[in-house]
1. With a Förster radius of 25 Å, plug the Cβ-Cβ distance of His210 and Leu241 into 1/(1 + (r/R0)^6) and report the FRET value to the nearest 0.05.
2. For the stretch 359-373, list residues with backbone N below 18 Å from a point placed 7 Å from the Cα of Asp396 toward its Cβ?
3. Gain in length, Gln113 to Leu406, computed as 0.36 nm per residue apart minus the alpha-carbon separation, to one decimal in nm?
4. Can you check what the net charge comes to around Glu466, using other residues whose Cβ is under 14 Å from the Cβ of Glu466 (Lys, Arg +1; Asp, Glu -1)?
5. Please get the size of the charge dipole for the chain, origin at its Cα centre, with Cβ charges of +1 on Lys and Arg and -1 on Asp and Glu, quoted in debye to the nearest 20.
6. Please list 3J(HN,Hα) in residue order for the stretch 539-555, calculated via the Karplus relation 6.51 cos²θ - 1.76 cosθ + 1.60 where θ = phi - 60°; whole Hz, with x for glycine and proline.
7. Compute the angle between helix 477-492 and the longest alpha-carbon principal axis of the chain, please, reported from 0 to 90 degrees and rounded to the nearest 10.
8. At 1.4 Å probe size, what's the solvent-accessible area of His153? Round to the nearest 10 Å².
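The values are calculated or read from the model by the stated rules, or taken from the named source; none is laboratory data. From a predicted model like this one, the values you see are computed outputs, not experimental measurements. Here the Cβ positions follow ideal geometry from the backbone for every residue, glycine too, while neighbour counts run over all protein chains shown. Surface areas here come from the heavy atoms of the whole protein model, side chains and all, with no ligands, DNA or RNA. Shrake-Rupley method; radii C 1.70, N 1.55, O 1.52, S 1.80 Å.
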Amino acid sequence: MLLKGIPVSPGYAIGQVLFLEDTVIDYSKKIIDHPEDEIKRYHQAIDKTKSQIEALIQSTKKMTHPESASILSAHLALLLDPEVKKAVEQKIKDESCNLIYAIKKVADDYIDQFNEIQDLYLKERVTDLIDVTERVIKNALNIALVDLSLITHEVILITKDLKPSQAAQMNKKYIKGFVTQQGGKTSHSAIIAKLMGIPAVVGVKNLFDHLIHGEKIILDGSKGEIHLDYDDVTEDKFRHLIEQNKSEKQSLKSFIKQKTKTKDNIEIELHANIGSNHDLPYVMDNDAEGIGLFRTELLFMDRLSMPTEDEQYEIYKDVLETMYPKPVTIRTIDIGGDKYLPYLHQEKEANPFLGKRAIRLCLENVEFFKVQLRALLRASVHGNLKIMFPMIATKDEFLDAKDIVLEVQEELIEKNIPYHIVDLGVMIEIPVAALTADDLANAVDFFSIGTNDLIQYTLAADRNHESLGYLYQPFNPGIIKLIGMVCEAAKDHKIPVSVCGEMASDLQAIPLLLGLGVNHLSMNPESILKARQLIKNFDSYDLNKLAKKAIKANDQYEVIDMIRALFDDYKK
Ligand code: PEP
Ligand code: MG
């Protein structure tokens, strides 16, 4: 049997099915009749959590991860802290309230207190407290916890959607691939899979009806297929493909430490997209020439409170120092749309993708925005930083954001805190921004085209919708015209333009983007060496010719044919 979905991260995997269920927890207050039962449940949850953490400490010690073991020991200390325990029990008794509410409330109070104290050590404990609280709550609710770091056999994860925090725990040695029910080509779980080089298929309908826990399956991340009940011949075929992939990856290593150039020596910079400083090893392994997009909102998600200014500063500093002297473009938080922060208390919107997303939300919550800008400017002295604002529709939005940056700079001067003046750029991902790029270019230092959203908004098709994948049309002449306009405006005003959406790593799209005049491409690190290998085959004259023709094409099929013809010419 064959299940079909959207291929989002190429490659093949064979492994046992492991279900990862995600549960929405109800933290609301309920008045209960028997507080003593809740307290008993609390003690049971603590005992269970204690045994789990102790087992994790043992296993991390075996994996010689001393850092993880010490973090877990800190979790254990917090879990058993008599003051915390007393506070939860007292709350249940005083308010006759349910356990989940009491734990959450007590934890939130501590988090607020920790956040107010100017002590880095205590601030770091906030993350530990959030982790351990989540563990106790899930244990109290009997939600099975899968510790991805404890898996020691080859599995394929099956989940509704994958959270960034879950992805961060994945050990590539055992987690061979993943399949999700939700999501589309440019959803975050897809981006994470590509980043880690793990084959993945998303948007598989009725996924949970067909698979059995523990059953062996084959994942074809290149075609978007899942094979069940297959025969030995099929398994042999895929084992062969897996080996072939490994040797291709090995041979790409010869492109490390080479410049990225066209055949006629035009240099192009290939940058990496990241979501956290933990992604830096992938960036270094694949020899990126900079970071073109740091999606900072991933640092804010899956937490019970906002990362503090110091926490953010340390992360940005780490990225800037590691990459120095290469450029690092950090995007300010892009929340809203499909990304939600529980602690921001965002309003429910009828059309979240058309609502208060990204810069719109920041311009309305200036104090919230300033925390990130302060962290960024303080970190600017540690490397070559550029700041980019997402979802800019009008020049006024950019100018308002720039004014807030200037205010933060003045505040830093008053406090004698050093910072560097950095380039400020915008994402071009709303059609009107592309159409008015000529005017925007007067104000900004650089453009970065977000093709994921530009395509979503131009074709008016939700990028995460399982049934609208056919409207993700990077080769639609309408999209090509918009990208062409942005490149023209950038060239006229002598500012750089990059592409940081998924289109930048699409090997078919790269010749077209370069022909249109894009200066840098920013992509998942795994694609960089392949792109470098490809680009050296082409002459810039042919790429410009292709772009001029493609802009005039009638439909996407004509464009795809033109690109195929170019590839055929070069193979000759
Ligand atoms: C884009 O929209 O192309 C982009 C790079 O941003 P994100 O995928 O984070 O929305
Ligand atoms: Mg976007």
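1. On the way: r = 23 Å, r/R0 = 0.91.
The formula returns an efficiency of 0.65 here.
2. Label zone hits: 359-366.
3. Numbers: separation 293, 0.36 × 293 = 105.48 nm, distance 3.00 nm.
Separation in residues times 0.36 nm, less the Cα-Cα distance, equals 102.5 nm.
4. Details: positive: Lys4, Lys160, Lys185, Lys205, Arg463; negative: Asp161, Asp338, Asp462.
Here the charged neighbours net out to +2.
5. Details: 69 positive and 87 negative charges, 301 e Å.
Here the size comes out at about 1440 debye.
6. 9, 4, 4, 5, 5, 5, 4, 4, 4, 4, 6, 5, 4, 8, 5, 7, 8
7. Roughly 80 degrees between the two axes.
8. Surface open to solvent at His153 totals about 90 Å².
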